[in-house]
Structure formats: structure tokens, C-alpha cells
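Below you'll find the structure, written out as C-alpha cells, and then a few comments.
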Amino acid sequence: MRSDLLGQLISARMAALGLNQSQLAKLVGTSSTSTHKWIRGGTRPQYEIIPRIASALRLPLDEVYAAAGYKEPDPAALLGELDAYIAEGEVMLGRMKELRWTVLEQLG
């Protein structure tokens, strides 16, 4: 199983860096229960967490994606997704400005 490979990778790297599960969890921003499950192969981390794991363990991102059984993201696809979020944020900002003006007008 891929999750076993990831667990072995995480465990070996934690030992090399002198980290315990609680410390890794804090670095990654998750619970020590989650890190325990990853190491034991019970679950694999969510796709979005992989970069934080790679950073915390000072490992190449592609190595952690591969060990977890995920395909590394396509940079062009990520840029497209980011552009969509930016556009959505600009629309929301416009709505908030309109609402602000409405409130200011009502306040006089």
C-alpha cells in the first residue's frame, strides 16, 4: 500500500530530524492522532496537507506526493485555480464596497 510507504518515509525522516509525532503535528498544523494514522498507514493525509508535511520534514515535495500515492499538481492548473479564487475575491470585494456605501448612506 502507498500509505505504508508514506508512513515509513515520515517515520524515518522524523527520526533523522529528532521529531516526535506531537512536534510534527504542530509543524504541520494538525493533530498528533492524524500523524499517528499516517505513520501506521491507517489513513493518508489530505492532498492539501502534503506541502506542509514536505516542508516540516525538509523533503522534496514530489517525493512526499509520490509516497502518499498522489500525483504532483500541475503548476498551470494551480495557476488557473488561483486566478479563479482571485477573481471571486475581487467580486466579493466589490459587493462589500457596495454594502459599505449603502450602510454609510443610511447613516447619513
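Throughout, read-outs are computed from the coordinates displayed, never taken from laboratory work. A quick note: this is a predicted structure, and the numbers were derived from the prediction, not measured. In this analysis, Cβ positions are derived from the backbone assuming ideal geometry, glycine residues included, and neighbour counts consider all displayed protein chains.
Could you give the dipole magnitude of the chain about its Cα centre, charging the beta-carbon of Lys and Arg +1 and that of Asp and Glu -1, in debye to the nearest 20?
The calculation lands at about 660 debye.
For Thr30, Thr35, Thr43, Thr102, what's the fewest-to-most ordering of other Cβ within 10 Å of each Cβ?
Ordered from fewest to most neighbouring Cβ atoms within 10 Å, Thr30, Thr35, Thr43, Thr102 come out as Thr102, Thr43, Thr30, Thr35.
GNM on the chain, C-alpha springs below 10 Å: top fluctuator among Glu72, Glu90, Glu81?
Glu90
Between His36 and Glu98, what length comes free when the chain is fully extended (0.36 nm per residue of separation minus the Cα-Cα distance, one decimal in nm)?
Length gained, His36 through Glu98: 17.5 nm.
Take the alpha carbon atoms of the chain, find their radius of gyration, then divide it by 2.2 N^0.38 Å using N residues; give the quotient.
Expressed relative to 2.2 N^0.38 Å, the Cα Rg reads 1.56.
Have a look at Leu82, Leu61, Leu24 and tell me which one the Gaussian network model of the chain (Cα, springs below 10 Å) gives the largest fluctuation.
Sorting by GNM fluctuation, first place goes to Leu82.
For the chain, what's the relative contact order in percent, using C-alpha pairs closer than 8 Å and at least 6 residues apart?
So the answer I get is 26 percent.
5 Å is the cut-off here: which amide hydrogens, built 1.01 Å from N in the peptide plane, fall below it relative to Thr43, excluding neighbours closer than 5 in sequence?
Result for Thr43 returns Trp38.
Within the chain, which whole H helices from DSSP have a Cα span along their axis of at least 15 Å and a mean Kyte-Doolittle hydropathy of -1.0 or more, if any?
Taking the DSSP H segments of the chain (at least 15 Å long, mean hydropathy at least -1.0), we get 2-17, 75-107.
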